[in-house]
Amino acid sequence: MSSMPKIIGDFIEMTFTNKICKVNVTTIETPSPNIKIINFKGNFPHIKFKLGQAVVIRIDDTNYRNYTPSKWDSENGTFEIIFHIHHNGPGSAFINNLKPSDQITVGLPRGFNVFNNEAQYHFFFGDETCISVFKSMKDEINRTENNYLGILELDELSADIPKKLGLIVDIVPKSVNKAEWAIKSLHNLDVEIWELWKKGCFYLMGNAKSIQAFRKALREKGVSNKNIHTQPYWAEGKVGL
């Protein structure tokens with residue numbers, strides 16, 4: 001969902017009150033110029049949140065954007081999102097201007113459960129837009145004493161953010177050739193390590209073309225289609241993907 005006429009948005013808010021709520025901004029952290037960590041509080045005790053689900057935020061009368069929480073607590077009515085501020089659109093501007101005590105409209109979590117609770121080995125690939133969801137998955141993997149690896153394509157401004165969040169992954173620069181350095185990092189993995197991970201679960205998120213290139217590399221290294229989950233969050237020239 002990226003936009004809809006104001007009259008329809010207003011109607012949905014009034015009619016589907018079990019799926020939409022008002023939440024208040026409680027805290028804001030800015031660990032880098034292009035990353036904001038924002039906590040929200042509302043009332044949604046009936047929600048059974050699943051890792052990887054997204055909320056939709058109404059950023060103005062007609063525009064909406066999807067974001068994936070890094071933490072969720074239905075009982076206490078709190079959640080956290082790690083936002084990428086790219087300064088290139090209404091969603092980024094809206095999030096960047098939020099202040100503590102501001103109230104916003106949020107569509108409650110929806111989408112499939114993308115996280116495989118049964119898997120012992122998990123592999124992340126993405127960019128700044130994926131830090132929030134990968135943080136939530138990392139916390140669950142650590143809780144269950146399973147294992148993860150990851151490769152993130154990050155701008156220099158956000159290269160230190162994963163480490164600050166306790167997310168231990170390889171950081172590579174972005175390239176004109178999508179996923180170029182990430183694929184090289186993949187090929188450099190120790191053979192014995194790869195033998196363990198190639199039958200694990202692979203979560204490819206973020207830029208659509210980078211996902212496509214990295215998925216091709218995984219298939220060439222023997223990873224089954226059924227073990228690869230892809231979720232494009234954005235693509236050049238596409239609004240609201």
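The values are calculated or read from the model by the stated rules, or taken from the named source; none is laboratory data. What you see is a predicted model, and the numbers here were worked out from it, not measured in a lab. When we count neighbours, we look across all protein chains shown, and the Cβ atoms used for this are built from the backbone with ideal geometry, even at glycine. What goes into the accessible areas is simple: the full protein's heavy atoms, side chains included, and nothing from ligands, DNA or RNA. Shrake-Rupley method; radii C 1.70, N 1.55, O 1.52, S 1.80 Å.
So here's what we get for this one:
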read-out	value
Residue match in region 78-94 (condition: exposed (fewer than 14 other Cβ atoms within 10 Å of the Cβ) and part of a strand (DSSP E or B))	no
Qualifying residue in region 163-181 (condition: closer than 30 Å to Asn43 by Cα and either touching a strand residue (DSSP E or B) at 6+ places or on another chain (Cβ under 6 Å) or open to solvent by 50 Å² or more (accessible area, probe 1.4 Å) (or both))	yes
Scope region 118-135; condition acidic (Asp, Glu), assigned to a loop (DSSP other than H, G, I, E, B) and either in contact with a helix residue (DSSP H, G or I) (Cβ under 6 Å, 6 or more places away or on another chain) or open to solvent by less than 50 Å² (accessible area, probe 1.4 Å) (or both); matching residues	Asp127
Subset of region 141-160 that is in a helix (DSSP H, G or I) and open to solvent by less than 10 Å² (accessible area, probe 1.4 Å) - its residue that is nearest to Leu204 (Cα to Cα)	Ile141
Filter pass, Lys138 being charged (D, E, K, R), free of Cβ contacts under 8 Å to residues at least 60 places away in the same chain and open to solvent by 10 Å² or more (accessible area, probe 1.4 Å)	yes
Neighbours by Cβ (under 7 Å, 6+ apart or cross-chain): first from region 40-64, over 13 Å from Ser132 (Cβ atoms) and assigned to a loop (DSSP other than H, G, I, E, B); second open to solvent by 50 Å² or more (accessible area, probe 1.4 Å) and at pLDDT below 90	Lys50/Asn113; Ile59/Pro90; Asp60/Pro90; Asp61/Lys6; Thr62/Ser3; Thr62/Pro5; Thr62/Lys6
Tally, over region 169-181, of residues that are within 19 Å of Asn146 (Cβ to Cβ) and in a loop (DSSP other than H, G, I, E, B)	1
Close pairs (8 angstrom Cβ cut-off, 6 or more residues apart or separate chains): touching a residue at least 60 places away in the same chain (Cβ under 8 Å) and within 29 Å of Thr26 (Cα to Cα) in region 99-125, crowded, with 19+ Cβ neighbours inside 10 Å and among the basic types (Lys, Arg) anywhere	Ile104/Arg58; Thr105/Arg58; Val106/Arg58; Gly107/Arg58
Neighbours by Cβ (under 9 Å, 6+ apart or cross-chain): first from region 214-229, within 23 Å of Gly111 (Cβ to Cβ) and without any contact (Cβ under 8 Å) to a residue 12 or more places away in the chain; second assigned to a helix (DSSP H, G or I) and open to solvent by 90 Å² or more (accessible area, probe 1.4 Å)	Asn225/Arg219
Residue in region 156-178 that is nearest to Trp234 (Cα to Cα), counting only those that are in contact (Cβ under 8 Å) with a residue 40 or more places away in the chain and touching an Asp or Glu at 6+ places or on another chain (Cβ under 7 Å)	Lys174
Subset of region 182-241 [closer than 22 Å to Leu51 by Cα, open to solvent by less than 40 Å² (accessible area, probe 1.4 Å) and not in a helix (DSSP H, G or I)]	Gly200, Cys201, Phe202, Tyr203, Leu204, Met205, Gly206, Asn207, Ile228, Gly240
